[in-house]
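Okay, so here's the structure we're looking at.
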Amino acid sequence: MFKLALPRSAIAGAGGAAIPLLERLGLRAASGVGEAGWGRTALAGVVSFLYFFPVLWIILTAFKSYDDVLAVPAKFFFTPTLDNFRQVFSRAYSVQGQVQDTGFALFFFNSIVIATVSVAVALVLGTFAAFGFSRYPLKGNDTYLFIILSTRMLPAIVVIIPIFLMFRITGLAGTYLGIIALYTTFNLPFTIWMMKSFFDELSPDVEDAARIDGSSDARVFFKICLPQVVAGLAATAVFGLILTWNEFLFALLLSGVETRTVPVAMAQTIGGDIGVRWGLLAAIETLFLVPVIIVTFALQNQLLRGVTFGTIKR
Amino acid sequence: MERSSPTGGMAASPALSPALPSASPPAFAPALAPALAPIPRPAGRLLRWNNWQAALLVFVVGMPPAIALLPPAFSFWVAAALAVLLAATLVVNAWGRHTGGLLVAPALALLFVMNIYPLLWSFGLSFFNYRANRMKQPTFVGLQNYANVITDPVVWDRLHTTAIMVVLTVSVQMVIGFLLALLFSKQFPLRRYLMILVLTPMMLSFVAVGAFFRYYYEPSLGLLSQFVRLFTGEPYVLMQSVWGARAGIILADAWMWSPFVMLLVLAGLVSVPKYLYEAAAIDRAPAWRRMWSITLPYIRGLLLLALLFRTIEAFKLFDVVFLLTEGGPGTATETIAVYVYRVAFQYVKTSESTALTYILLFTVIVLTNLYLYLANRRIKEA
């Protein structure tokens, strides 16, 4: 009856503290499932390396000097330099011109602030809503959930045209408030579906027991349900951060000079500005990608749920 | 659902107060008066915080003059203030009685304001002749925009392009994803780490992927061109021919999203009972037979879900195209999403573009409905 222990998946999602070190490292397979040996590892290694190669090559390019980038045939071994990274933030726009601030520090700051604030707001609103949908079904609960998911599935271009016109009328275009409000809305359907899928998995017995013992609804939510889905909350937040961090079209049309995010600035860098300075572009991309790659590793167990917006759990 | 509060005796029940004005809404069953709703209701006061009917009246009466008389930038904030007032009274009224409604209301309200209302507004706009860069008052044209869009051969051409891209990219993703899943289906040393390398592209930004592949397809420095030059001795320009550009986009998109299919197929492979394979081994069933008769039936549902999900997403193909080719050469890779972007923001035919978006919206909603139906069926079966 009293199953207060966290669901196993929640523990595993947080890094798998209960699994022995060797198995966590993958050096020894968990009991009984190590069917394929090192041969499979070699094959998978080659395939994975080929698959990851485009990313790896960009990261390598970021450390190349200007001449190494232009070298034909491409150099695999070179003296690494941090010049490109320095030039992301300040460089001379013309030969022997004055060194100027490129504004990328601001764009990174914008990306971080906009993503963090919008995900935080969406997480608060979305978690309450998910709990509501999960525990207090309304009339037409499924219809609401369907409409919510539909708004997320729509092509961004469909949503952006009216928003663009409305932001122009209300003066929200190019402001932090406008873009954050839009991204909050963009994250909300995802958060609701993800958190609902986590709440749905909890055993209702514990809640019922707490209710019988006289806990209020609020207490049941904060003291019993929420602690059990902390891993889920973290996964949802991180997924939301990545989605917002990567988003392009909304930012392209609705962010002003002061509120421009990195993807937009990156696209503009490709368009004009620096022409064929691929090393510089690679440095921007590397700075932009590394957080995502690190986070992907931490999220591995929740990836399936995350990329399907919580509609497929396992 | 509602339990009477421990302090039920103290919470003054409005129905029991002697001077209950007939105008006020009927109080709920007094025995169930919840703990969180001890709102004083002095007799005859109109300005109670739970009087949402009055707030609604103010909202309905106040909105039209506010919109008509004030400049747009100002009337928006007036409307917002009135809406907040209405929302506040509704919340106070529902507190403690409609927990589910209260929990979902803020999220639904935000979605409505920022998403559904703009969509409805653009639906209205699609019946007018309106261009965002003209000062002219929009005129009502009925279904003219829809008629224009449906009879426009350019739209059909772009839909045709989109269909080609969707079919090709999704099938490539399904095949590669399936093969990757088979590779990773068994447990082997370092699996977790190697899988991360494969899963990473899925989490990357479209812009970054577009920029990558632009670099790789570059005629003089690009790795692809250098690789081809090893054999032909000539620089290779992929993005110049129609099918080359399409192949370039499909390669980038498939590289990005094959891991998605892999994840779903892996989830299916885990669910296949081991004893079936053991029985097949005893019967000496060949490998293709094991695949066809055991594996496929078990992962069919998830394959279908992956197919639908990827179709919906590929239908929206915008960012990669926008960054890699901008629709070129000519209009060979201009998908419908890119075309809508052009109509709306470059040709500024605003209302025509909204009519177009409604066709997209309808398609996506139908596909999403199908997807959810299948996903729910799978959950129920489990």
For the stretch B:186-197, state whether one or more residues are in contact (Cβ under 8 Å) with a residue 60 or more places away in the chain, within 14 Å of chain A (Cβ to nearest Cβ) and aliphatic (A, V, I, L, M).
-> no
Filtered residues of the stretch A:160-178 (kept if among the β-branched types (Val, Ile, Thr) and either more than 7 Å from chain B (Cβ to nearest Cβ) or without any contact (Cβ under 8 Å) to a residue 12 or more places away in the chain (or both)) = A:Ile160, A:Ile161, A:Ile169, A:Thr170, A:Thr175
Among B:Thr354, B:Thr333, the single one that is more than 11 Å from chain A (Cβ to nearest Cβ) and either under 28 Å from A:Ile157 (Cβ atoms) or crowded, with 18+ Cβ neighbours inside 10 Å (or both) is B:Thr333
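Which ones in the stretch B:278-296 are farther than 14 Å from B:Phe178 by Cα, exposed (fewer than 14 other Cβ atoms within 10 Å of the Cβ) and not β-branched (Val, Ile, Thr)?
B:Glu278, B:Ala279, B:Ala281, B:Asp283, B:Arg284, B:Pro286, B:Ala287, B:Trp288, B:Arg289, B:Ser293, listed by residue number.
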Quick one: which helices (runs of 4 or more DSSP H) sit completely within the stretch B:94-195 and have at least 1 residues that are aromatic (Phe, Trp, Tyr) and modelled with pLDDT under 85?
-> none
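In contact (Cβ under 8 Å) with a residue 12 or more places away in the chain, assigned by TED's automatic domain parsing to the domain that holds B:Met174 and not in a helix (DSSP H, G or I), is that true of B:Gly330?
Answer is yes for this residue.
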Restricting attention to the stretch B:59-85, which residues are surrounded by 15 or more Cβ atoms within 10 Å (Cβ to Cβ) and among the hydrophobic types (A, V, I, L, M, F, W, C)?
-> B:Phe59, B:Met63, B:Ala66, B:Phe76, B:Val78, B:Ala79, B:Leu82, B:Ala83, B:Leu85
Please tell me if B:Val104 is buried (at least 18 other Cβ atoms within 10 Å of the Cβ), within 21 Å of A:Phe131 (Cα to Cα) and either within 13 Å of chain A (Cβ to nearest Cβ) or without any contact (Cβ under 8 Å) to a residue 60 or more places away in the chain (or both).
-> yes
When you scan the stretch B:357-376, how many residues do you find that are more than 9 Å from chain A (Cβ to nearest Cβ) and either within 19 Å of A:Ile163 (Cα to Cα) or at pLDDT below 85 (or both)?
-> 2
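Limited to the stretch A:231-252, what total is found for residues that are over 17 Å from the mean Cα position of the chain (by Cα) and either at pLDDT 90 or above or under 26 Å from A:Leu202 (Cα atoms) (or both)?
Qualifying residue count for the region: 0.
The values are calculated or read from the model by the stated rules, or taken from the named source; none is laboratory data. Treat the numbers as computed from the prediction; the structure is a model and nothing was measured. Every residue, glycine as well, gets a Cβ built from its backbone with ideal geometry; the counts of neighbours run over all protein chains shown.
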